1. State the percentage of accessible surface on region 1-90 attributable to carbon and sulfur atoms; use a 1.4 Å probe and exclude ligands, DNA and RNA.
2. Rounded if a/c is under 1.5, else prolate if a/b is larger than b/c, else oblate: which is region 1-56, with a ≥ b ≥ c the root eigenvalues of its Cα gyration tensor?
3. Given the pairs Lys84/Lys321; Lys334/Lys375; Lys321/Lys375; Lys39/Lys118, which span a C-alpha to C-alpha distance of over 31 angstrom in this model?
4. What accessible surface, in Å², does a 1.4 Å probe find on Tyr288, ignoring ligands, DNA and RNA and rounding to the nearest 10?
5. What full-extension length gain, to one decimal in nm, is calculated for Arg301 and Ser168 as 0.36 nm per residue of separation minus the Cα-Cα distance?
6. I need the shape label for region 51-92. Rule: rounded when a/c is under 1.5, else prolate if a/b > b/c, else oblate, with a, b, c from the alpha carbon gyration tensor.
7. Taking the mean number of other Cβ atoms within 10 Å as a proxy for protection, how do you rank 139-151, 37-49 from highest to lowest?
8. In sequence order, what are the phi-derived ³J(HN,Hα) couplings for region 219-235 according to the Karplus relation 6.51 cos²θ - 1.76 cosθ + 1.60 with θ = phi - 60°, rounded to whole Hz, with x for glycine and proline?
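The values are calculated or read from the model by the stated rules, or taken from the named source; none is laboratory data. Just so it is clear, the model here is predicted, and its values are computed rather than measured. Counting neighbours? That spans all protein chains shown, and the Cβs are built from the backbone with ideal geometry, glycine included. Surface accessibility is based on the protein's heavy atoms, side chains included, excluding ligands, DNA and RNA. Shrake-Rupley method; radii C 1.70, N 1.55, O 1.52, S 1.80 Å.
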Amino acid sequence: MQTGLIQNAHDDLVTDAAYDFYGLHLATCSLDQRIKVWKLDESTGEWAFKDTWKAHDATVSKLSWAHPEFGQILASSSFDRTVKIWEQTYSEPESQANGAKSQNASRWIERAVLVDAKATVRSVEFAPHQFGLKLATISSDNFLRIYECLEQPVLTSWQLTEEVDILSLPSIQGPLTSTMPLNTHPQAFPSLENTPPIPGHSLQSQQSLTRVGPGPHREADGGWCLSWCKERYWGEILAVSASITGTVHIIQLSPSRRPLNLLTLDPYPSPTTTASDESGNGPSQTRYSITSVSWAPSCGRSTHLIATGSRDGHVRIWRVKRPDGTGEESNEGKWSGRSIADFDDHKSSVGRVEWNVTGTVLCSSGNDGRVRLWKASVGNVWRAAGHISVEQAEEQGDTDVDMEGES
């Protein structure tokens with residue numbers, strides 16, 4: 001695995017980093033309200049700074065690149081309750097005194113500002129290109145919003161096509177709860193069949209983690225994230241999580257009807273784990289919000305994989321199957337899914353989960369300062385494939401690191 005480190009990328013905490021389609025450009029954003037774009041020098045493996053600009057009037061929370069068939073387009077979401085569309089443009093080269101012409105100068109132009117959110121916008125993601133130039137946003141008002149560009153390639157006119165309150169959208173079937181045990185082994189996940197539910201005391205014992213109970217709660221305790229299904233055959237479907245529920249909703253969009261909640265993935269066993277609240281007034285529901293969700297590319301699989309990262313320090317992998325599928329997970333015409341892996345190696349809140357381009361290797365990062373890799377071994381058992389810390393990246397520099405067998 002090749003690693004690299006961009007020193008002092010921003011003047012404040014970096015909130016997101018996003019690669020373009022080809023992996024040659026990297027966009028980063030920060031609490032400093034700025035977006036920066038970097039370009040990979042393939043000969044040296046180093047990232048060169050290309051552009052920066054003040055993008056919002058508050059923290060920039062998330063970035064997303066559009067497919068290159070639409071041009072060099074970025075979308076950014078912010079705590080200022082807006083989503084902005086940016087396009088890279090090039091100016092004509094100027095003639096020099098010696099007759100030579102300067103290189104084309106590029107800059108990023110603001111093309112549109114979307115202002116429908118009533119609260120901070122936490123995530124934005126362009127749809128797969130086969131569905132056109134669309135994007136989805138999720139904000140801390142718990143609304144999923146879908147936009148479509150009406151005038152390509154002008155990019156100035158965007159229509160709000162869907163606005164859905166995720167928490168009030170009824171499910172066509174009950175939530176699917178996890179039956180996974182707490183995984184304490186750093187290298188492997190054991191058999192997935194006939195396993196007991198997660199013990200309540202195992203979550204309560206992590207005193208450094210935020211416990212969420214009923215009643216008023218801070219916005220900082222919540223998690224708002226989304227990820228599109230990459231498969232054209234399945235249609236326009238997203239995995240969305242909102243607020244402190246700790247659940248993931250599989251939402252299907254259709255031009256002929258209102259969005260449907262196909263199923264809800266719930267990592268907590270039923271009945272729900274309870275714990276005494278701080279006031280000592282009896283049992284209260286213990287749940288941890290989802291901070292990141294990533295839908296894996298299918299690459300020919302009949303089932304799909306969805307990964308989540310949570311404030312309880314867990315990285316979970318779910319297998320989801322269509323009702324017309326075959327096999328043990330087909331369930332009388334209903335969508336089905338189950339948790340097939342659960343790792344708590346980060347021991348602290350997980351900030352991001354992301355799949356590789358084939359959906360065979362999962363990457364996660366957490367507040368423990370480590371980036372961890374997970375992949376399936378013989379028998380389709382998911383195992384840790386290694387990790388790297390910031391200190392290791394500084395020592396290694398731009399070199400290849402063998403992460404196999406690390407724990």
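1. In region 1-90, the share of accessible area belonging to carbon and sulfur is 47 percent.
2. prolate
3. Lys84/Lys321; Lys39/Lys118
4. 10
5. 44.7 nm
6. oblate
7. For the peptides 139-151, 37-49, the packing ranking is 139-151, 37-49.
8. Computed from phi, the couplings for region 219-235 are 4, 5, 7, x, x, 10, 7, 7, 7, 7, 6, 8, 8, 4, 4, 7, x Hz.
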